[in-house]
Amino acid sequence: MELVDRMLRGDRVALARLMSRVENGSPDVPEIMRLINPNLGRAYRLGVTGPPGAGKSTLTDRLTTVLRQRGQTVGIVAIDPSSPFSGGALLGDRIRMQQHYLDRGVFIRSMGTRGSQGGLASATRDVVKLLDAYGKDWVIVETVGVGQTELDVVGAADTSAVVLVPESGDTIQTMKAGLMEIADVFIVNKADRDGAEQMAAELEVMVRLAPKRTGWETPVIKAQAEHNVGITEIMLAIEQHRTMLEDSAELDRHRQQWRRHELMEIIAARIKDRLLESSRNDAILGPYVERVMAGEIDPYSAARQILGNKDLVHSIVVGDEGGLRVTDQPLRV
Ligand SMILES: Nc1nc2c(ncn2[C@@H]2O[C@H](COP(=O)(O)OP(=O)(O)OP(=O)(O)O)[C@@H](O)[C@H]2O)c(=O)[nH]1
Ligand SMILES: [Mg+2]
């Protein structure tokens, strides 16, 4: 595909066009992903997540400055799945990251509300891959909140930084397990405000009570992104985490697990799409659906009978075409 060749040769316009195709769920997304696959795995992926307004974009901006000073190139993906204010926030990001918008070594992409939540997660994954294939040394993904979509996105990161503020007490209480699981670095931003010390102390306790499988002890760093305080410490922590992953082969393990997860999601979504389609027009499945709809048969019995019918399952999964086609509508996981 010519567009992919151009992108791989460093054409920014081609990269932006490919990203739009991914965002719009273009039918050639599977083909694009097939073509760039040999070029993946070079970029280091950093996730920056946390509640609205915690300072994620400011921090991303500051970290990008540090990386650029070292001659590293950076791709930034900012996601705002549902916020009605996203237009404004993105505009704010534009101002906040102004210097980087003019820098050829930085590529910034904002992902909007298009598609379902799940669709956004898979589109984000593919946009990150494009930046990786394009040759960025680092890809930073900024996500708001810590819900399932975010976990799906953050899970793809090699290192995940969770940004909190002194007022995030409730977030911590409700998200405790999830936060512990994803955070490789905790940042208590806006440490110029009251309560930062206490929040940091609480997080420290939590970290010590829930050690990670890898033995990594998630550092808790107080910062003021706005005032450039703590940025060096944060960068150092990210690099230490990276070194730990690389030295222990955990990086490969994590990436392998993630690829498996992604495959399962793609298959599951594809089957789900097919199933919905078949429920409307399959000659054998249709009558089951109608009987369930009419209340004549309970859904568990119907499901058991359907799944017990090999030919029917085959026709649902494979469809009339006799196989999975790469040209299918891309999956929205
Ligand atoms: N007081 C204080 N304000 C800060 C600090 N860091 C960032 N801010 C301000 O907090 C506001 C939100 O910062 P952003 O970087 O946009 O936060 P965000 O997490 O990206 O926000 P969303 O993407 O909208 O969720 C801005 O007005 C920043 O200037 C800090 O260390 N102290
Ligand atoms: Mg932001």
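The values are calculated or read from the model by the stated rules, or taken from the named source; none is laboratory data. Just so you know, these numbers come straight off a predicted model, no measurement behind them. Every residue, glycine among them, receives a Cβ derived from its backbone with ideal geometry; neighbour counts consider all protein chains shown. We work out accessible area using only protein heavy atoms, side chains counted, and drop any ligands, DNA or RNA first. Shrake-Rupley method; radii C 1.70, N 1.55, O 1.52, S 1.80 Å.
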Practice prompt. From (1) out of contact with any Pro (no Cβ under 8 Å at 6 or more places or on another chain); (2) modelled with pLDDT of 90 or more; (3) more than 20 Å from M33 (Cα to Cα); (4) open to solvent by 30 Å² or more (accessible area, probe 1.4 Å), pick out the condition that doesn't hold for K129.
Written response: (3)
Worksheet item: Inside the stretch 221-232, can you point out the residues that are more than 10 Å from ligand 1 (Cβ to nearest atom) and open to solvent by less than 100 Å² (accessible area, probe 1.4 Å)?
Response: I221, I231
Worksheet, complete the sentence: Within the stretch 42-61, of all residues that are at pLDDT 95 or above and open to solvent by 30 Å² or more (accessible area, probe 1.4 Å), the one nearest to S110 (Cα to Cα) is R45
Discussion item. So if I check each of T214, T218, which one is surrounded by fewer than 18 Cβ atoms within 10 Å (Cβ to Cβ) and hydroxyl-bearing (S, T, Y)?
Written reply: T214
Item to complete: Could you tell me whether the stretch 141-159 includes any residue that is closer than 20 Å to G41 by Cα, modelled with pLDDT of 90 or more, within 19 Å of the chain's Cα centre (by Cα) and within 15 Å of ligand 2 (Cβ to nearest atom)?
Response: yes
Practice prompt. Go through the residues of the stretch 7-17 one by one and say whether even a single one is crowded, with 20+ Cβ neighbours inside 10 Å and acidic (D, E).
Written response: no
Discussion item. Tell me the residue from T232, T214, T218, T243 that is more than 22 Å from T60 (Cβ to Cβ) and hydroxyl-bearing (S, T, Y), please.
Written reply: T214
Worksheet entry | Selection status of E181, open to solvent by 60 Å² or more (accessible area, probe 1.4 Å) and in contact with a Phe, Trp or Tyr (Cβ under 9 Å, 6 or more places away or on another chain) | no
Worksheet item: Between a first residue in the stretch 45-72 that is on the phi > 0 side of the Ramachandran plot and a second residue that is within 8 Å of ligand 1 (Cβ to nearest atom) and open to solvent by 40 Å² or more (accessible area, probe 1.4 Å), which pairs have beta carbons less than 9 Å apart while being 6 or more apart in sequence or on different chains?
Response: G53/A89; G55/K190; G55/Q224; G55/E226
